[in-house]
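Read through the structure below, which is laid out as structure tokens, and then see the notes.
The values are calculated or read from the model by the stated rules, or taken from the named source; none is laboratory data. Since we're looking at a predicted model, the values are computed, not measured. When we count neighbours, we look across all protein chains shown, and the Cβ atoms used for this are built from the backbone with ideal geometry, even at glycine. Just so you know, the surface numbers come from the protein's heavy atoms only, side chains and all, with ligands and any DNA or RNA stripped out. Shrake-Rupley method; radii C 1.70, N 1.55, O 1.52, S 1.80 Å.
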Amino acid sequence: DPAIDAGSAETLSLLSELRRALERDELRLFLQPKVALASGRIVAAEALVRWQHPERGMVPPMQFIPFAEQTGFVRQLTLWMFAACAREWPALQALGVQRVSVNLSTRDLLDLELPQRLQAILGRCRVPASAFCLEITESAIMDEPQRALSILEALSAMGFKLSIDDFGTGYSSLAYLKRLPVDELKIDKSFVMAMERDADDAKIVRSTIDLAHNLGLSVVAEGIENASIYELLRGLGCDEGQGYHMGRPLPAPEMAAFAARWRAQALPAPASDSLLVATD
Ligand code: C2E
Ligand code: MG
Ligand code: MG
């Protein structure tokens, strides 16, 4: 079938392009600040990959991550991102950043050698595991729960923080959530972005914050696009947030200038205490 043939030829060429992207140093580490909502301080950052393609320009991850997942290439990409963050760590730490979050894929959670691969990078760059949070999606865990569980237990024992990304959109069961060694829930941006206009989304956000806290986990909201959503979340006791309202993902070398601008601007007044008491 010529249609299938054309498809597989395209797949092959994209795969070799991706491999070349690594060799030619075309991948870029972008960072998005994560803010502690009560204090307004930048306390963490999420690492997000971009592909600086010679013809196509800056390619967003959704245009190549799913394909990288299918072909298994994503495992090399994860190690590249992890090493790039480890190299960036001293500069980030100097800005007051306490943790960098790196996204893991389904394929990573099937790789029993992942913990030792990450350990080798930590040793080489002299960075402690506690500097990292590893974000995993519910569907990645549910793909092969037993294997994922044993890898996650090993990673947690090494000192990595673990977070469930896009929480609420996958097929996770609360029975698994209870057994997993996770530290953080990350509320999916679809709920956060709609919480001002959709009462159901607001309830989901509120319940997720309560669920996380009742399980002893911290909770992060992604997709905070305006000041009123920021304030709503702060009132609900959400611990951290990230979103375009605070800052878009930016090239790693621009983080220091961003943090300086952020500190200089008026931070949200820590009068949040009274707000928290009022809603309790
Ligand atoms: P994610 O891990 O859930 O990352 C959050 C995404 O939400 C990022 O999109 C970020 O730019 C976007 N975002 C943050 N704040 C806002 C906001 O206020 N409004 C809106 N509309 N969007 C916001 P990005 O960078 O395009 O990444 C998309 C997805 O690609 C990520 O979702 C993650 O699943 C995947 N990805 C990105 N980098 C990597 C990576 O290094 N490894 C793996 N395995 N996946 C990655
Ligand atoms: Mg993420
Ligand atoms: Mg997410």
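Accessible area of I204 (1.4 Å probe, protein heavy atoms only, ligands and nucleic acids ignored): about 70 Å².
Evaluated over the Cα positions of the chain, the convex hull gives a direction-averaged projected area, one quarter of its surface, of 16.6 nm².
The share of Cα pairs per 10 Å bin across region 96-211, counted from zero up to the longest distance, runs 13, 43, 30, 12, 2 percent.
Residues in region 76-117, backbone N under 16 Å from the label point at D25 (7 Å along the Cα-to-beta-carbon vector): list them, ranges by number please. Correct set: 80-81, 83-85, 87-88.
Applying the criteria of a DSSP loop state and at most 14 other Cβ atoms within 10 Å to the chymotrypsin sites (Phe, Trp or Tyr not before Pro) of region 109-181 yields Y171.
Extension gain for the segment R56 to S39, taken as residue separation times 0.36 nm less the Cα-Cα distance, is 2.1 nm to one decimal. Accessible area per residue was computed with a 1.4 Å probe on protein heavy atoms; S228 scores about 50 Å². For S105, the solvent-accessible surface with a 1.4 Å probe is about 10 Å², rounded to the nearest 10.
By accessible area of protein heavy atoms, probe 1.4 Å, what ranking do W89, W80 get, highest first?
If we order W89, W80 from most to least accessible, we get W80, W89.
Remark: accessible surface ordering of M255, M142, M62 (largest first) is M62, M142, M255, probe radius 1.4 Å.
Taking every alpha-carbon pair under 8 Å whose residues sit at least 6 apart, the chain reaches a relative contact order of 19 percent. Placing pseudo-labels 7 Å out from each Cα toward the beta carbon at A175 and S130 gives an inter-label distance of 3.5 nm.
Shape class of region 87-141 from the alpha-carbon gyration tensor: oblate, with a/c at 1.5 or above and b/c at least as large as a/b.
Using alpha carbons only, the radius of gyration of region 148-190 set against its Kirkwood radius gives Rg/Rh = 0.98. Anisotropy class assigned to region 1-123 is prolate, per the alpha carbon gyration tensor with a/c at or over the 1.5 cut-off and a/b larger than b/c.
Straight-line reach from K34: taking Cα to Cα under 16 Å and skipping same-chain neighbours fewer than 8 places apart, the lysines in range are K161, K186, K189. Kirkwood-type hydrodynamic radius, region 124-280: 17.1 Å, calculated from all non-identical alpha-carbon pairs. With a 1.4 Å probe rolled over the protein heavy atoms of all chains, the accessible area of K203, K178 falls in the order K178, K203, largest first. Just to be sure I understand the curve: with the Debye formula and one point per C-alpha of region 165-225, what is log10 I(q)/I(0) at q = 0.26 Å⁻¹? Listed by q, the Debye log ratios stand at -1.14. For region 137-242, the solvent-accessible area works out to 44 Å² per residue, with a probe of 1.4 Å and every protein chain left in place. Please state, as a whole number in µm²/s, the translational diffusion coefficient that the Stokes-Einstein equation yields for region 41-102 at 37 °C and 0.692 mPa s, with Rh defined as the Kirkwood radius across alpha carbon pairs. For these conditions, the coefficient is 252 µm²/s.
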